[in-house]
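Structure first, then comments.
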Amino acid sequence: MMHPAEYYQRDRRIHPPALTPDYKTSVARSPRLALISLQGSVSETTGPVFGHGDLNPIDNDLIKNYAKDGDPVGERIIVHGRVLDENARPVPNTLVEIWQANAGGRYRHKKDTYLAPIDPNFGGCGRTITDADGHYFFRTVKPGAYPWRNWVNNWRPAHIHVSVFGHAFCQRLITQLYFEGDPLIPHCPIVQTIPDPDAIDRLTAKLDLNATVPLDSIAYRFDIVLRGRRSTMFENRMEGN
Amino acid sequence: MVVDARNNAPHYLRESASQTAGPYVHIGLAPGAAGFKIFDNELGWDIAGPNAKGQRIRVEGCVIDGTGSPVKDVLIEVWQANADGTYVRHEEGGARVEEGFRGWGRVITDFETGEWGFDTIKPGKVNARAKMASGVAGKVRDTHPDWQGRADENHAPMAPHLNLWIVARGINIGLNTRMYFDDEAEANATDPVLNLIEWENRRATLIAKHSGDRDGMPVYRFDIRLQGDNETVFFDV
């Protein structure tokens, strides 16, 4: 009988803690008691399955997927990379969803009232399913920085929100992609909730000149790493990595 | 895993760090709620599908912050087994569940009140990990959770439960919890996860209350307290 393998424990030291007072909203929304550690059961080592039938091919093209009478304003970019696990194995056939502000830093959301205008041709969300090698790509415009109420004068660095499933509910992850060289990164209380500078660097997409489309779009490379599955001794045979 | 040829050290990649889903999570994961239509098929609105067997139920609640206020911009994901206790799965040729049963869904709140609710079916019992406590590892070699939804001598059943994952502005990494049912007292009493919680008074934070019936369906109430008195149990899974 086949069993789903367990996953390496999550290294909480590379993730932001729940309570990060410089990010004020976390103060009242952070559990104060310790998490109860739970070894993986089938409830954690399984996860939802998505297929190409759930999506349209245009869903990963944010330049076209909400266009009404032309392309959105902004710097045209490609964001691409792979979803891997901690064993450096690709995570194929997994759903990747993104959302972002437009080039002016405004979200198409009824709760966003920033004075930068809505772009009539930009929705700001996309989704795709990784291929057999774990690759994904999106085409979009580079989001703008925007102010937010935390301290009196806080600005979010340009960022794209990224949601990934993996193959188990315990791999579920939401994070944010930042852009190499953005001077706002060290000043952002949300970025700085992450205690490990290397972990921040891994959330920073790097310019990928070879993947640019000449005379069209700049490319950034962003790999996403999900938790890895443990090797298992099973019937005297090594499984997993 | 890669082995460093110089010193034989195992080398692993490190998980990408989590960041808050932020206040505009709906744009990406529930654009209809953000106020616009973009995808033909917005995912997560139908957990059980039309063909699922079992008892149809409604689950309602509110996420409450440390000041006692409702969290009005939270998004919750649900992951559950079907009425037989079987989860949809990736390997081995896919699901052995009813056609259209996804077992997964997304729930958002009313932006004004913070109340949320969803319809699904009540899941069955599913197998826990093998009972390591009572045996030696050599005797019970298979320590992995069983796919089958039936208990055997090595696998105690887990009481019917929904797995929940909670994200929002101000939540830096998604919170995992479980919702059990108050009308499953017998199964709950032997559930290995509930029994793992050292503080018995905290177990009640995971048990939804059958609060009545509506349209012929039982309604369960499940409030989630992020902080403070009766803080909900969250798991490091």
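In the range A:128-145, the residue that is nearest to A:GLY74 (Cα to Cα) out of those that are in contact (Cβ under 8 Å) with a residue 60 or more places away in the chain and assigned to a strand (DSSP E or B) is A:VAL141. Given the residues A:PRO21, A:PRO31, which is the only one that is more than 7 Å from chain B (Cβ to nearest Cβ), in a loop (DSSP other than H, G, I, E, B) and without any contact (Cβ under 8 Å) to a residue 24 or more places away in the chain? Answer to the selection: A:PRO21. Of all residues in the range A:172-183, those that are of a type in the set (Lys, Arg) have Cβ atoms under 8 Å from Cβ atoms of residues that are part of a strand (DSSP E or B), 6 or more apart or on another chain, in A:ARG172/A:VAL164; A:ARG172/B:GLU77; A:ARG172/B:TRP165.
Scanning the range B:206-237 for residues that are open to solvent by less than 60 Å² (accessible area, probe 1.4 Å), more than 11 Å from chain A (Cβ to nearest Cβ) and either touching a residue at least 12 places away in the same chain (Cβ under 8 Å) or among the hydrophobic types (A, V, I, L, M, F, W, C) (or both) turns up B:ILE207, B:ALA208, B:MET217, B:PRO218, B:VAL219, B:TYR220, B:PHE222, B:ASP223. Looking only at the range A:91-127, residues that are modelled with pLDDT of 95 or more, open to solvent by 50 Å² or more (accessible area, probe 1.4 Å) and more than 8 Å from chain B (Cβ to nearest Cβ) come to 5 in all. Regarding B:ARG203, is this residue open to solvent by 10 Å² or more (accessible area, probe 1.4 Å), within 30 Å of B:ALA17 (Cα to Cα), out of contact with any Ser or Thr (no Cβ under 9 Å at 6 or more places or on another chain) and modelled with pLDDT of 95 or more? So B:ARG203 fits the description; yes. Residue count for the range B:165-197 under the criterion of being part of a helix (DSSP H, G or I) and either open to solvent by less than 10 Å² (accessible area, probe 1.4 Å) or within 8 Å of another protein chain (Cβ to nearest Cβ) (or both): the result is 2.
State all residues of the range A:146-168 that are in contact (Cβ under 8 Å) with a residue 24 or more places away in the chain, open to solvent by 10 Å² or more (accessible area, probe 1.4 Å) and within 11 Å of another protein chain (Cβ to nearest Cβ); if no residue qualifies, say none. Those that are in contact (Cβ under 8 Å) with a residue 24 or more places away in the chain, open to solvent by 10 Å² or more (accessible area, probe 1.4 Å) and within 11 Å of another protein chain (Cβ to nearest Cβ): A:TYR146, A:ASN150, A:HIS167.
The values are calculated or read from the model by the stated rules, or taken from the named source; none is laboratory data. Computed from a predicted structure; not experimentally measured. Quick reminder, even Gly has a Cβ in these numbers, built from the backbone with ideal geometry, and neighbours come from all protein chains shown. SASA here: full protein model, heavy atoms, side chains in, ligands and nucleic acids out. Shrake-Rupley method; radii C 1.70, N 1.55, O 1.52, S 1.80 Å.
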